[in-house]
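K.L.:
Here it is, the structure in full.
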Amino acid sequence: MHPPLALHAERLTKRYGRRTALADCDLSVPRGHVIGLVGPNGAGKSTLLQLACGLIAPTSGTLTVLGAPPAADAAHLARVGFVAQDTPVYASLTVAEHLRMGAWLNPSWDAALARRRIDEVGLDPAQKAGRLSGGQRAQLALALAAAKRPELLILDEPAAALDPLARREFMHGLAGFVRELGAGAVLSSHLLGDVAQVCDHLVVLCAARVQVAGPVTDLLATHHRAAAAPAGTEVVWAEPGRVVARGPAVRDGAPVTLEELVLAYLSRAAAHPAVTG
Ligand code: ADP
C-alpha cells in the first residue's frame, strides 16, 4: 500500500459566488516534505489551505489530507497544525497562558517542546501577546501549532506581516524547526524568496490553477533557458531572445533559476489564463 499523500486534490474547485478561487486543481504532494505554495495575491493559496484545514468546503472535486478528508474527526484534526494568515493570538493572554491553553485543548500537547521553542526564540513567558512584535507573534503561533506534534503543519503566509529582516530570520528558523519536528509542512507566500529558503517541493498557483508542481530539484533539472525554442522541449514562456523550456537537457540550454522558472509560469498564466501545467 502507498503511504497517504500530504495533500491530494482531484478537480478541486472552489467558487465564492461568481468568483472562482480554485478551478479544477489536480495536485499530489508527498508526506514528510516542506512544500512551498507560491503565487501572487488572489491566486487561491489561502483558499487551498483553508480547504485543507476543513475551514471551508469545496464547491466540487475532492481533497484529502494525510489520506482522509480534511478535519474528518478529532483524531485527524490533531494530525494537522494550522497557522492562519494573521497569526492570531489572544492579546490579553500572556505567552505562558497561551501554552497552558494549548495543553488544555490538545490531548497530544508536547509541553516540553513548547517551552523549549519559546525559550529558543527569546519570548518572555510573562509577556502579554498583545505587546509582542509581529515576528514574535508569528513565533508564538508557530510554537502553539507545533506543540500539537502534528504530522503536517500548514502555514498561510506566516511571514506576511514581518519586515524583510524579520521574515528572513523567521523562515530560516522555520526550516530547522520543521526538520527537527520530523513533520511535513505546507507554507504559502506571495514571495518566492520566502519559500525558496525552506521548501524542497514547490507548487505554483496562479489564476485559480496549479501551473506547475514538483520537487525543486526535478523542476530545476527539467527546465532550461535557451536563445530559441529547442526541438523536443515544451516552451513555457518566450520573450525576444529568451525562452524558458521544459524537457530534456538541450545543447544550447542553460539552467534556470527557481525565480526564472516561477516567473515563466506566472507570465504564461497571465498571458493565457486557461493554460495549466
Ligand atoms: P491568495 O491566498 O492566493 O491571496 P485567496 O485564496 O485569498 O488567494 O483568494 C482567491 C480568490 O478568491 C480571490 O479572487 C479572492 O478575492 C477570492 N476570495 C477569497 N476568499 C473569499 C471570500 N470569503 N468571499 C469572496 N471571495 C473570496
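The values are calculated or read from the model by the stated rules, or taken from the named source; none is laboratory data. Computed from a prediction, not measured in an experiment: that's the story for all the values here. So basically every Cβ, Gly included, is an ideal-geometry build from the backbone, and we count neighbours across all protein chains shown.
K.L.:
For region 95-141, which residues satisfy the criterion of being within 22 Å of Ala160 (Cβ to Cβ) and of a type in the set (Lys, Arg)?
P.N.:
Residues satisfying the conditions are Arg117, Arg131, Arg137.
K.L.:
Take region 37-65 and flag every residue that is farther than 11 Å from Leu22 by Cα, of a type in the set (S, T, N, Q) and within 7 Å of the ligand (Cβ to nearest atom).
P.N.:
Within region 37-65, Asn41 is the sole residue that qualifies.
K.L.:
Sort out which residues of region 17-36 are within 8 Å of the ligand (Cβ to nearest atom), assigned to a strand (DSSP E or B) and surrounded by fewer than 17 Cβ atoms within 10 Å (Cβ to Cβ), and write them in order of number.
P.N.:
Answer for region 17-36, where residues must be within 8 Å of the ligand (Cβ to nearest atom), assigned to a strand (DSSP E or B) and surrounded by fewer than 17 Cβ atoms within 10 Å (Cβ to Cβ): just Arg19.
K.L.:
Examine region 252-265 for a residue that is within 16 Å of the ligand (Cβ to nearest atom), modelled with pLDDT of 90 or more and under 27 Å from Gly61 (Cα atoms), and state whether such a residue exists.
P.N.:
The answer is yes; a qualifying residue exists.
K.L.:
Tally up the residues in region 177-206 that are at pLDDT 95 or above and outside any strand (DSSP E or B), please.
P.N.:
Number of matching residues: 0.
K.L.:
Being in contact (Cβ under 8 Å) with a residue 60 or more places away in the chain and more than 16 Å from the ligand (Cβ to nearest atom) narrows it down to one of Arg117, Arg100, so name that one.
P.N.:
Arg117
K.L.:
State the number of residues belonging to region 153-168 that are closer than 19 Å to Ala114 by Cα and either in contact with a Lys or Arg (Cβ under 6 Å, 6 or more places away or on another chain) or surrounded by fewer than 21 Cβ atoms within 10 Å (Cβ to Cβ) (or both).
P.N.:
0
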